[in-house]
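Have a look at the structure below before the remarks.
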Amino acid sequence: MGLTLLLMLFCGSVVFGSWYDHVSGWWKKKQTYPKLHYMFYEDLSEDTGREIDKLCSFLGLSISPELKEKVLSGVQFDNMKKNQMANYSTLSVMDMKISPFMRKGKVGDWKNHFTVAQNEAFDEDYKEKMKDPTLHFRNEI
Ligand SMILES: *[C@@H]1O[C@H](CO)[C@@H](O)[C@H](O)[C@H]1NC(C)=O
């Protein structure tokens with residue numbers, strides 16, 4: 001369960017529809033349309049440099065070590081949280097008094113907030129709605 005999943009749990013759906021439909025729809029499209037690159041938050045957290053390299057490779061770009069360092073710093077959770085271009089503070093549909101769009105960015109932090117019953121309910125709902133066995137989210141890194 002990643003950041004996006006937690007966001008979905010608090011909102012029930014994403015602004016433009018169901019999170020499940022959004023994620024599965026693009027995942028399905030990726031199988032037949034090679035010009036889509038899917039990135040997982042957990043992978044980015046685990047090794048941001050590796051994921052930048054994969055993205056550059058996908059885009060057919062090479063990146064200088066200096067630019068890579070700049071990107072690495074810019075996409076760190078705490079830096080993005082402070083960046084109004086990334087933290088949705090300019091988007092009025094997001095009510096930051098209820099919850100900031102960017103919370104902690106810690107993979108697996110849901111374990112500190114969910115009860116066992118809530119986790120079971122989530123897993124059941126997830127299993128029912130996410131039927132594609134090729135789409136795997138990691139719970140931890
Ligand atoms: C979002 O970014 C703006 C601009 O840096 C900052 O003032 C605001 O506190 C940030 N919001 C959150 C929730 O961190």
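The values are calculated or read from the model by the stated rules, or taken from the named source; none is laboratory data. Nothing here was measured: the structure is a model prediction, and the numbers come from that model. Note: ideal-geometry Cβ built from the backbone for every residue, glycine included; neighbour counts use all protein chains shown.
Before moving on, here are some points about what is shown:
- Single condition LEU61 does not satisfy, out of (1) surrounded by 12 or more Cβ atoms within 10 Å (Cβ to Cβ); (2) modelled with pLDDT of 90 or more; (3) assigned to a loop (DSSP other than H, G, I, E, B): (1)
- Within the stretch 52-107, if we keep just the residues that are more than 21 Å from MET39 (Cα to Cα) and of a type in the set (S, T, N, Q), the residue that is farthest from the ligand (Cβ to nearest atom) turns out to be SER64.
- Just one residue in the set LYS131, LYS106 is surrounded by fewer than 13 Cβ atoms within 10 Å (Cβ to Cβ), assigned to a loop (DSSP other than H, G, I, E, B) and modelled with pLDDT of 90 or more; that residue is LYS106.
- Filtered residues of the stretch 1-43 (kept if among the polar types (S, T, N, Q), surrounded by 12 or more Cβ atoms within 10 Å (Cβ to Cβ) and at pLDDT 90 or above): SER24
- Condition check for VAL116: more than 16 Å from the ligand (Cβ to nearest atom) and farther than 25 Å from ASP21 by Cα: yes
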